[in-house]
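I have placed the structure first, in the form of structure tokens, so that the comments after it can refer back to it.
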Amino acid sequence: MTTVAAKPATMAQALTRALRDAMAADPGVHVLGEDVGTLGGVFRVTDGLAAEFGEDRCTDTPLAEAGILGTAVGMAMYGLRPVVEMQFDAFAYPAFEQVVSHVTKMRNRTRGKMPLPLTIRVPYGGGIGGVEHHSDSSEAYYMATPGLHVVTPATVADAYGLLRASIASDDPVVFLEPKRLYWSKDAWNPEEPASVEPMGRAVVRRSGRSATLITYGPSLAVCMEAAEAARAEGWDLEVVDLRSLVPFDDETVCASVRRTGRAVVVHESGSFGGPGGEIAARVTERCFHHLEAPVLRVAGFDIPYPPPMLERHHLPGVDRILDAVGRLQWEAES
Amino acid sequence: MTVMEQRGAYRPTPPPAWQPRTDPAPLLPDAEPYRVLGTKAADRADTELLRTLYARLVRGRRYNAQATALTKQGRLAVYPSSTGQEACEIAAALALEERDWLFPSYRDTLAVVSRGVDPVEALTLLRGDWHTGYDPYEHRVAPLSTPLATQLPHAVGLAHAARLKGDDVVALAMVGDGGTSEGDFHEALNFAAVWRAPVVFLVQNNGFAISVPLDKQTAAPSLAHKAVGYGMPGRLVDGNDAAAVHEVLSDAVRHARAGGGPTLVEAVTYRVDAHTNADDATRYRGDAEVETWRRHDPVELLERELTERGLLDEDGIRAAREDAETMAADLRARMNQDPELDPLELFDHVYAEPTPQLREQRDQLRAELAAEAETAARQTGAPEGGRR
Ligand SMILES: Cc1ncc(C[n+]2csc(CCOP(=O)(O)OP(=O)(O)O)c2C)c(N)n1
């Protein structure tokens with residue numbers, strides 16, 4: 001393999017590259033969704049695929065989410081590997097019945113005879129000034145549905161690696177794309193894109209001794225920034241990027257919390273019934289004797305996603321994270 | 001003076017000429033359901049086919065009775081009988097080739113069995129087991145679908161995929177009259193028509209969705225009329241006339257296989273039994289209505305045709321019934337054996353590889369089962385053992 005110098009690439013470019021490579025490697029990989037063909041998707045993630053692979057491989061479907069996912073189920077039954085694009089998080093809900101009743105159960109109810117290798121790409125989360133229905137964090141719904149893998153990249157390398165892994169998986173995967181990271185750039189070497197952890201593994205993005213920030217997707221960058229800022233106050237924060245919500249990597253998360261003794265879970269989606277509650281409970285159950293303070297959550301408010309003019313008040317930012325970190329001095333206070 | 005005249009100089013530019021994209025006339029269903037039995041069309045019917053249909057209908061009727069009896073004995077958790085609808089079930093399945101696929105709903109056990117699935121396996125879900133019982137690939141039968149109409153887009157996707165791969169496979173998707181109100185019905189028909197997917201949609205209009213009659217379900221002139229709006233042909237057929245169902249379905253299958261795209265067939269029939277064994281049909285319909293339909297019974301219609309034409313006599317009828325009795329006795333005997341379920345298998349097919357979380361939970365259940373076995377062993381005074 002020739003070594004190509006790492007150049008800045010956006011997450012959207014890495015996703016496109018992952019789709020293109022997967023389609024080139026396996027003729028069974030088909031992309032379908034609304035506007036994915038000629039337009040290349042509203043975020044341009046499928047740009048050029050219809051031109052390169054033809055409209056049978058990258059198909060503009062009628063405007064119907066249940067139909068898109070439902071027909072993809074049938075395509076997977078016949079041995080194809082469909083990758084469907086749901087245009088926005090909140091527009092995937094019409095397809096939710098297919099997710100819950102069929103996508104996640106086909107393997108189970110046929111006793112393993114009919115696995116469904118399909119990938120459901122969902123652009124999710126806020127921070128891009130979208131109007132209503134364009135900024136939902138829907139991960140808790142998918143996490144609560146057995147039979148799905150739920151992954152979400154926070155880096156350009158992961159966007160490529162996790163999407164390739166999702167398409168290669170013999171199980172259905174909900175691939176959550178943090179919208180506000182589409183245009184974020186990392187140095188990325190497209191010639192060695194496979195050097196990411198496999199699905200199901202979390203990664204320590206920054207090591208530290210005094211507390212662990214547990215996060216994923218859109219909130220990783222915010223947590224990294226908070227960790228830098230916390231140094232001034234004498235906190236040496238570790239940051240864990242979950243990458244995969246299902247399966248959940250208890251091992252990496254708990255190893256970190258046992259080292260630091262304190263943890264804050266950070267995500268954009270609402271707190272009540274959200275991913276943070278599950279994560280905090282798991283950490284508490286497994287690390288209780290190592291904990292110096294309760295596991296805290298910094299999350300979006302429990303409100304419908306606010307309008308663009310107010311979303312900055314909703315999204316967990318550096319200050320809110322630092323505030324929680326301050327509250328981790330539990331022992332001293334109580 | 002009108003407003004237009006006031007404006008004086010206003011000259012609207014004519015819009016571009018409008019053309020319908022498809023002539024709706026050939027897509028429209030007949031005014032009356034198509035019939036073969038007792039009409040001139042019967043002269044053209046293949047007598048061997050009629051005999052086969054008859055034998056299958058008699059078996060199907062007996063299967064429904066036996067399965068209903070098994071619910072009373074607690075051997076089946078539930079059974080949605082298709083008594084009265086056997087012609088739709090069986091004639092439709094027989095219109096398919098071996099390489100074709102069937103997408104059944106929960107009431108379509110007879111169609112499933114007609115595809116060659118073991119009658120006991122076809123009842124696995126209804127028995128209260130956790131899986132669908134049969135291997136879908138063995139006879140190309142999708143799992144029975146309990147949510148209404150959700151299996152229809154699967155049929156479209158599979159047929160579409162088969163065509164992309166160059167296989168001339170047709171998918172037959174079955175749905176009830178109530179199911180046609182679901183969004184998935186609409187989405188499936190629309191996708192199929194746009195993609196010209198080789199799919200045949202068969203609506204068994206049996207008059208009711210549990211208790212709700214057709215006139216509260218739709219205001220359409222017929223369910224077959226719905227096809228026109230999607231740009232596919234709609235056909236209306238007497239669902240109690242096995243020969244007619246077979247002919248119409250065969251036409252639609254041929255049309256699909258030849259690249260003509262999907263067809264929507266409405267078979268007009270009646271659900272003679274209650275919705276399931278758990279339903280009380282007297283709350284929403286009278287005996288007189290049921291009686292009218294009993295006089296238009298699919299088995300009797302075919303029996304009369306065959307007898308009148310000298311193709312069936314008393315011996316033939318007796319032979320068909322004896323054959324059905326043998327099938328029923330076998331079904332009874334095999335259903336009376338307690339199925340052996342392994343609770344630990346519940347964890348095996350959620351993912352290709354169980355997640356760490358599922359492994360933990362499987363270990364937990366394994367420990368609970370071992371403890372249960374030990375307690376049971378202690379109580380019966382038997383030596384300790386059991387699953388570990
Ligand atoms: C999506 C969905 N909603 C509700 C039900 C509950 N349900 C089961 S059968 C039925 C009536 C279906 O009627 P129809 O489609 O006419 O089929 P039939 O039972 O008459 O064969 C209903 C409402 C269901 N199974 N799925």
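The values are calculated or read from the model by the stated rules, or taken from the named source; none is laboratory data. Just so we're clear, the structure is a prediction, and the values are computed from it rather than from any experiment. Cβ coordinates were reconstructed from backbone atoms using ideal geometry, including for glycine residues, and neighbour counts include every protein chain displayed. Protein only, heavy atoms only, side chains kept; ligands, DNA and RNA dropped before computing areas. Shrake-Rupley method; radii C 1.70, N 1.55, O 1.52, S 1.80 Å.
Taking a Cβ cut-off of under 10 Å around A:GLY67, the surrounding Lys, Arg, Asp and Glu residues balance to a net charge of -3, with basic ones at +1 and acidic ones at -1. Extension gain for B:THR218 to B:ALA288 (0.36 nm times residue separation, less C-alpha to C-alpha distance): 22.8 nm. Neighbouring Cβ atoms from other chains, within 10 Å of the Cβ of residues in B:146-156, number 6 on average. When you count the other C-beta atoms within 10 angstrom of each residue and take the mean per peptide, A:282-291, A:50-59, A:25-34 line up highest first as A:25-34, A:50-59, A:282-291.
What does the charge count near A:VAL298 come to, summing +1 for each Lys or Arg and -1 for each Asp or Glu among other residues with Cβ under 14 Å from its Cβ?
Values: positive: A:ARG262, A:ARG297, A:ARG320, A:ARG327; negative: A:GLU225, A:GLU268, A:ASP302, A:ASP319, A:ASP323.
That works out to -1.
Tally the DSSP beta bridges in the protein assembly as shown and give the antiparallel ones as a percent, rounded to 5. Can you show the working numbers first?
Values: 11 of 66 bridges.
DSSP beta bridges in the protein assembly as shown are roughly 15 percent antiparallel.
Computed over protein heavy atoms with a 1.4 Å probe, the accessible surface of region B:39-121 works out to 35 Å² per residue. Mean residue ellipticity at 222 nm from the helices of the protein assembly as shown, using -39,500 (n - 2.57) per DSSP H segment of n ≥ 4 over the full residue count, to the nearest 500 deg cm²/dmol? The helix contribution divided over the protein assembly as shown gives -11500 deg cm²/dmol. Taken over the alpha carbons of the protein assembly as shown as equal point scatterers, the Debye sum produces base-10 log I(q)/I(0) values at 0.06, 0.08, 0.09, 0.11 Å⁻¹ of -0.45, -0.75, -0.90, -1.15.
Would you kindly state how much longer the chain becomes between B:TYR10 and B:GLU345 on full extension, computed as 0.36 nm times their sequence separation minus their alpha carbon distance, in nm to one decimal? Write out the running numbers ahead of the final one.
Values: separation 335, 0.36 × 335 = 120.60 nm, distance 7.75 nm.
Working it through step by step, the gained length comes to 112.9 nm.
Compared with the alpha-carbon gap, the fully stretched path from A:HIS313 to A:GLN329 is longer by 3.2 nm at 0.36 nm per residue. Between B and A, buried accessible area summed over both sides at probe 1.4 Å, in Å² to the nearest 100? Its buried surface, counting both partners, is about 3600 Å². With a 10 Å cut-off around each Cβ of B:121-134, the average count of Cβ atoms from other chains is 2. With R₀ set to 45 Å, the beta-carbon distance separating B:ASP323 from A:ALA24 gives a calculated FRET efficiency near 0.20.
Give, as ranges by residue number, the residues of region B:266-285 whose backbone N falls under 14 Å from the point 7 Å along Cα→Cβ of B:ILE210. Under cut-off, by backbone N: B:275-281, B:283-284.
Mean partner shielding of peptide A:102-109, defined as the number of other chain Cβ atoms within 10 Å of each residue Cβ, is 6. Within the listed set B:TRP130, B:TRP293, B:TRP18, the residue fluctuating most in the Gaussian network model of chain B (springs between alpha-carbon atoms under 10 angstrom) is B:TRP18.
Heavy-atom surface analysis with a 1.4 Å probe gives the protein assembly as shown a carbon and sulfur content of 51 percent of its accessible area. Here the calculated FRET efficiency for A:ALA255 and A:ARG231, from their Cβ-Cβ distance with R0 = 30 Å, stands at 0.85, rounded to the nearest 0.05.
Of all the stretches in chain B, which is the longest one without any exposed loop site, taking GluC sites (Glu not before Pro) in a DSSP loop (any state but H, G, I, E, B) with at most 10 other Cβ atoms within 10 Å? The partial results should precede the final answer.
Working: sites that count: B:GLU98, B:GLU340, B:GLU384.
Here the longest segment lacking exposed loop sites spans B:99-339.
Under a cut-off of 19 Å between alpha-carbon atoms, report the lysines in cross-link reach of A:LYS105, not counting same-chain residues fewer than 8 places apart. Counting by Cα, and skipping residues close in sequence, A:LYS105 has these lysines nearby: A:LYS113.
Neighbours of B:LEU102 by Cβ distance under 9 Å: Lys/Arg scored +1, Asp/Glu scored -1, total 0. If I take R0 = 51 Å and measure r between the Cβ atoms of B:GLU353 and B:GLU308 in this structure, what FRET efficiency does the formula 1/(1 + (r/R0)^6) give, to the nearest 0.05? So, using R0 = 51 Å, E works out to roughly 0.25.
In whole percents, the pair-distance distribution calculated for region A:192-323 from its alpha-carbon pairs, binned every 5 Å from zero, is 2, 11, 21, 23, 20, 12, 7, 3, 0.
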